[in-house]
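Engineer: Before I ask anything, let me first share the structure, which is written out below as structure tokens.
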Amino acid sequence: MSTHVWFLVCELRFNKLFSMTDTQESEKQDDPMKNYEFDGQTYIYTDKATNITYKFDQENNKWIVKEDNRKNSDNKESSDNKESSHETEKKGNIGPGVNASGIFGFENDTHTYTDPNDGSMYIWDKEKNAWFPKVDEDFMARYQMSYGFSDTSIPQPPKPEPQAPTSAQKAKDDKEQRKAEAKRKAQEPPSWFEVDEAHNTAIYVSGLPLDITMDELTQLFTKCGLIARDEKGRDKIKLYKDAAGEPKGDALCTYIKVESVDLALKILDGSQIRGKTLSVQRAKFQMKGEYDPGLKPKRKKKDKERQKKMQEKLFDWRPERMRGEPLKCERIVVIKNLFAPEDFDKEVQLLLEYQQDIRSECLKCGDVRKVVIYDRHPEGVAQVTFREPAEAQACVQLLNGRWFSQRKISAEIWDGKTKYKITETDAEIEARLEKWDKYLDQEEEKKQQGTKSSNEAQKVSQ
């Protein structure tokens with residue numbers, strides 16, 4: 001039972017206990033315990049009506065007249081003594097502010113009182129100077145019968161502990177959050193927006209010479225960072241001109257990084273070019289008219305990805321090739337005059353045979369990484385990629401000038417620029433695929449005939 005419920009029960013029992021006392025007496029007395037005193041051993045009660053002092057006899061469990069009052073009472077008349085004695089016996093069963101018909105007692109040096117109406121037991125609190133109900137099993141049973149009860153013997157099922165979100169659950173929550181945010185943005189009508197300084201990568205420059213060229217502007221702005229490029233690969237530099245087409249002396253430059261803008265404000269602002277002092281500031285765009293989303297050019301996802309790759313390529317840094325370090329193309333050998341494209345039209349399986357023969361022959365020179373045959377090239381070209389440039393040089397010495405399938409072949413190191421892949425037309429691709437399908441059908445028929453002949457041979461032998 002919680003502390004709040006316990007104090008509520010105590011308050012109800014306390015009110016019930018003191019409601020059983022004399023109504024007129026409780027109305028006259030503000031504090032029912034002001035006539036009681038504790039001398040360290042027992043309680044002393046003074047009756048204001050008769051001015052007689054009583055003390056509680058713990059052995060006989062009743063109130064008796066104090067000894068000094070007995071001597072004073074002997075000097076009175078016998079009739080008064082009898083009435084006083086009769087009243088004393090009645091008072092002997094009266095507890096401190098409780099019904100006289102109750103039962104008083106002690107429990108571990110603590111005064112107790114039992115209510116005769118419902119059998120509730122109360123204990124005397126010395127510090128608070130008041131009676132409080134004793135909370136035990138009997139009291140709990142009576143309380144539960146009166147106010148309802150909750151069965152605490154039945155074990156409550158343990159509350160499930162909150163599980164830490166898994167990576168899949170977290171990804172799902174993030175996806176739902178993005179969907180909700182996208183839906184919210186879709187509901188908002190498109191409008192003009194201002195670019196804050198944290199995302200503004202453009203600068204506005206004024207005070208330029210009127211005869212300045214685009215090459216000079218590019219060279220000037222490149223000092224502070226990489227300049228962004230448009231879809232056609234041109235630098236995003238705009239030189240403002242008047243109606244006659246003559247430069248006005250101001251320009252706009254867009255960088256890739258925001259840090260380039262801060263650097264331009266420090267370096268270019270206040271600098272001079274051909275006697276002209278430049279003024280550099282962050283570009284501020286003023287929106288004119290109402291926003292029309294139909295006029296905004298739509299960029300495809302592929303274009304955005306291509307532009308992103310272009311920017312990453314601009315920031316890509318690789319160390320320069322050391323002197324004497326071989327190039328990657330020096331590991332590739334180009335073999336020519338191996339075949340004629342018409343050979344594969346007649347026999348398609350020759351493509352695999354040529355590839356296997358070249359690989360087996362080149363393995364004599366070293367580790368072969370890849371063999372590519374350009375079957376549509378008119379010169380009959382094949383490329384062989386080795387692990388090391390020295391292995392490629394050995395292959396050139398081995399194959400150059402040799403005869404292969406009644407053809408004199410040539411072998412050389414690839415220059416790294418020449419492309420040998422031939423782009424076919426749709427008609428050529430369709431014709432080649434038809435020949436390939438025809439070849440596969442013929443191979444399937446040959447397998448079936450071979451299986452049939454072998455089965456017949458087994459039957460004859462049996």
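Engineer: Within the range 311-326, does at least one residue satisfy the condition of being surrounded by 11 or more Cβ atoms within 10 Å (Cβ to Cβ) and closer than 30 Å to Thr222 by Cβ?
Structural biologist: If we filter the range 311-326 for residues that are surrounded by 11 or more Cβ atoms within 10 Å (Cβ to Cβ), which is where we start, we get 311, 314, 326.
From what's left, closer than 30 Å to Thr222 by Cβ: 311, 314.
Looking through the range 311-326, at least one residue is surrounded by 11 or more Cβ atoms within 10 Å (Cβ to Cβ) and closer than 30 Å to Thr222 by Cβ.
Okay, residues lined up against (1) assigned by the TED database to the domain that holds Ala390; (2) assigned to a helix (DSSP H, G or I); (3) more than 30 Å from Glu391 (Cα to Cα); (4) not small (Gly, Ala, Ser):
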| site | (1), (2), (3), (4) |
| --- | --- |
| Lys421 | no, no, no, yes |
| Glu424 | no, no, yes, yes |
| Glu434 | no, yes, yes, yes |
| Glu444 | no, yes, yes, yes |
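Engineer: Would you please list the contacts, defined by Cβ atoms under 8 Å and residues six or more apart or on different chains, that run from a residue in the range 106-128 that is among the small types (Gly, Ala, Ser) to a residue that is outside any loop (DSSP other than H, G, I, E, B)?
Structural biologist: Final answer for the pair search is Gly119/Asp138; Gly119/Arg142; Ser120/Arg13; Ser120/Thr114; Ser120/Pro133; Ser120/Phe139; Ser120/Arg142.
Engineer: Would you please name the residue that is farthest from the chain's Cα centre (by Cα), looking only at residues in the range 417-431 that are of a type outside the set (A, V, I, L, M, F, W, C) and under 15 Å from Pro341 (Cβ atoms)? Can you show your working first?
Structural biologist: Initially, the range 417-431 is screened for residues of a type outside the set (A, V, I, L, M, F, W, C), giving 417-421, 423-426, 428, 430.
When the remaining residues are screened for being under 15 Å from Pro341 (Cβ atoms), the result is 420-421, 423-425, 428.
Working: Tyr420: 50, Lys421: 48, Thr423: 49, Glu424: 50, Thr425: 51, Glu428: 54 Å.
Among those that are of a type outside the set (A, V, I, L, M, F, W, C) and under 15 Å from Pro341 (Cβ atoms), it is Glu428.
Engineer: Another question, if that's okay. Could you give me the residue pairs with C-beta distances under 6 Å whose first residue belongs to the range 249-265 and is among the acidic types (Asp, Glu), whose second residue is surrounded by fewer than 20 Cβ atoms within 10 Å (Cβ to Cβ) wherever it lies, and which are 6+ apart or on separate chains?
Structural biologist: From the range 249-265, the pairs are Asp250/Ser206; Asp250/Tyr240.
Engineer: From the list Lys446, Lys435, pick out the single residue that is surrounded by 10 or more Cβ atoms within 10 Å (Cβ to Cβ), more than 53 Å from the chain's Cα centre (by Cα) and modelled with pLDDT under 80.
Structural biologist: Checking each option against the conditions leaves just Lys435.
Engineer: Could you check the range 227-262 and list, in sequence order, the residues that are small (Gly, Ala, Ser), assigned to a loop (DSSP other than H, G, I, E, B) and touching a helix residue (DSSP H, G or I) at 6+ places or on another chain (Cβ under 6 Å)?
Structural biologist: Step one: filter the range 227-262 for residues small (Gly, Ala, Ser), giving 228, 233, 243-245, 249, 251, 260.
Narrowing the set further to residues that are assigned to a loop (DSSP other than H, G, I, E, B) leaves 228, 233, 243-245.
Across the range 227-262, there are no qualifying residues.
Engineer: Would you point out the residue of the range 206-226, among those that are in a loop (DSSP other than H, G, I, E, B) and of a type in the set (Val, Ile, Thr), that is nearest to Phe315 (Cα to Cα)? Let's see the steps before the verdict.
Structural biologist: From the range 206-226, those in a loop (DSSP other than H, G, I, E, B) are 207-213, 225-226; that's our starting set.
After this cut, where a residue has to be of a type in the set (Val, Ile, Thr) as well, the list is 212-213.
On the way: Ile212: 28, Thr213: 26 Å.
Ranking the candidates gives Thr213 first.
Engineer: Consider the range 396-411. How many of its residues are within 20 Å of Arg376 (Cα to Cα) and not polar (S, T, N, Q)? Spell out the reasoning first.
Structural biologist: Residues of the range 396-411 that are within 20 Å of Arg376 (Cα to Cα), as a first pass: 404-411.
Now narrow it down to the ones that are not polar (S, T, N, Q): 404, 407-409, 411.
Qualifying residue count for the region: 5.
Engineer: Return only the number of the condition from (1) outside any strand (DSSP E or B); (2) modelled with pLDDT of 90 or more; (3) closer than 22 Å to Met310 by Cα that His199 does not satisfy.
Structural biologist: So the condition that His199 fails would be (2).
Engineer: Working only within the range 365-378, note down all residues that are outside any strand (DSSP E or B) and surrounded by 12 or more Cβ atoms within 10 Å (Cβ to Cβ). Show your work before the answer.
Structural biologist: Just the residues of the range 365-378 that are outside any strand (DSSP E or B), to begin with: 365-367, 375-378.
Answer for the range 365-378, where residues must be outside any strand (DSSP E or B) and surrounded by 12 or more Cβ atoms within 10 Å (Cβ to Cβ): Cys365, Gly366, Asp375, Arg376, His377.
Engineer: Can you pull out the residues in the range 327-345 that are in a helix (DSSP H, G or I) and either in contact with a Lys or Arg (Cβ under 9 Å, 6 or more places away or on another chain) or surrounded by 15 or more Cβ atoms within 10 Å (Cβ to Cβ) (or both)?
Structural biologist: First, the residues of the range 327-345 that are in a helix (DSSP H, G or I): 328-331, 341-345.
If the condition is that a residue be in a helix (DSSP H, G or I) and either in contact with a Lys or Arg (Cβ under 9 Å, 6 or more places away or on another chain) or surrounded by 15 or more Cβ atoms within 10 Å (Cβ to Cβ) (or both), then Cys329, Glu330, Arg331, Pro341, Asp343, Phe344, Asp345 are the ones that fit.
Engineer: Look at the range 207-239 and say how many of its residues are in contact with a Gly (Cβ under 8 Å, 6 or more places away or on another chain) and of a type in the set (Ser, Thr, Tyr).
Structural biologist: 0
The values are calculated or read from the model by the stated rules, or taken from the named source; none is laboratory data. What you see is a predicted model, and the numbers here were worked out from it, not measured in a lab. Note that each Cβ is placed from the backbone with ideal geometry, even for glycine, and that neighbours are counted across all protein chains shown.
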